[in-house]
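The values are calculated or read from the model by the stated rules, or taken from the named source; none is laboratory data. Keep in mind that what you see is a predicted model, and the values were worked out from it rather than measured. Cβ: placed from backbone, ideal geometry, glycine included. Neighbour counts: every protein chain shown. We work out accessible area using only protein heavy atoms, side chains counted, and drop any ligands, DNA or RNA first. Shrake-Rupley method; radii C 1.70, N 1.55, O 1.52, S 1.80 Å.
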Amino acid sequence: MNNILLKYMENRFQSKIIDPRRGVFCEGPVVTISRECGCTAINIANIMAEKLTLKTGNKWTCLTKEILEQSAKELNLAPEKIEYVFNSKEKSTWDEILAALSSKYYQSDRKIKKTISDVIRGFASKGNCIIIGRGGVVLTQNIERSFHIKLHAPLEWRAAQLQEIYKLSTNEMLSYAKEIDKKREILRNYFNKEPLSTTVFDVIYNSKNLSDEMIAEASIHMMEMKGVLGKHIVMR
């Protein structure tokens with residue numbers, strides 16, 4: 001199943017829609033979901049994808065690990081070789097030198113960053129996709145038919161959600177949530193020179209007070225009102 005999905009996404013990535021008169025991309029529609037640790041996004045994304053597929057007549061897909069897999073394929077590397085990017089780990093100069101000396105398959109951090117950016121923008125340009133995390137909100141800001149969601153909630157509530165998964169103490173989950181939040185912020189800044197403001201998001205939801213169904217329904221309604229689901233718009 002994973003291979004079939006990856007092949008499907010690869011075809012989408014390679015077949016961008018182009019306006020032959022202007023030679024520019026007709027981009028989107030695309031949704032990005034950013035979240036604080038403990039706010040689950042995958043269920044919301046799946047609900048949205050199903051509803052949007054029915055509403056638009058076009059197949060919508062959710063993307064997260066597929067971005068890593070496609071980027072690794074473009075670089076001819078194993079996914080784990082570039083996973084450090086999504087784990088928000090920085091390479092030192094010595095790491096770069098040692099990697100270059102020890103592997104004929106070495107790829108510079110700059111090339112990896114550019115490839116990931118190109119893959120995300122390629123998926124977003126083709127449209128009909130929901131990107132969970134992965135710096136998607138940063139890399140799709142210039143796409144007119146885009147909609148950007150952020151999920152947040154009180155730290156104590158998020159720690160309680162994590163406890164149900166990991167079965168660890170409250171203090172351990174509080175520390176874990178803070179650590180992951182910090183790493184996700186580093187990842188967003190990895191693709192952006194300036195620190196991000198909350199103004200990049202179209203809407204911010206409190207996951208504690210709203211169900212996944214409510215968030216999905218409200219988002220689709222706002223996408224319609226914003227014109228995200230309209231006809232292809234050529235970026236000028």
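With all protein chains in place and ligands, DNA and RNA left out, the 1.4 Å accessible area ranks Thr199, Thr140, Thr64 as Thr199, Thr64, Thr140, largest first.
Put Val200, Val31 in order of accessible area, highest first, and with a 1.4 Å probe you get Val200, Val31.
The simple Förster model, with R0 at 25 Å and r as the Cβ-Cβ distance, assigns Asn58 and Glu217 a FRET efficiency of 0.85. Using a probe of 1.4 Å on the protein chains alone, the accessible area found for His221 is around 100 Å². Extension gain for Lys51-Lys208 works out to 54.3 nm (0.36 nm per residue, less the C-alpha to C-alpha distance). Of Cys62, Cys129, the order by accessible heavy-atom surface (1.4 Å probe, DNA, RNA and ligands excluded), from most exposed downward, is Cys62, Cys129.
Between Ser197 and Asp118, the simple spin-label model (points 7 angstrom out along Cα→Cβ) gives 3.2 nm. Each residue of region 114-121 is assigned a 3J(HN,Hα), and the resulting list reads 5, 5, 4, 4, 5, 5, 4, 5 Hz, derived from the Karplus form 6.51 cos²θ - 1.76 cosθ + 1.60 (θ = phi - 60°), x at Gly and Pro.
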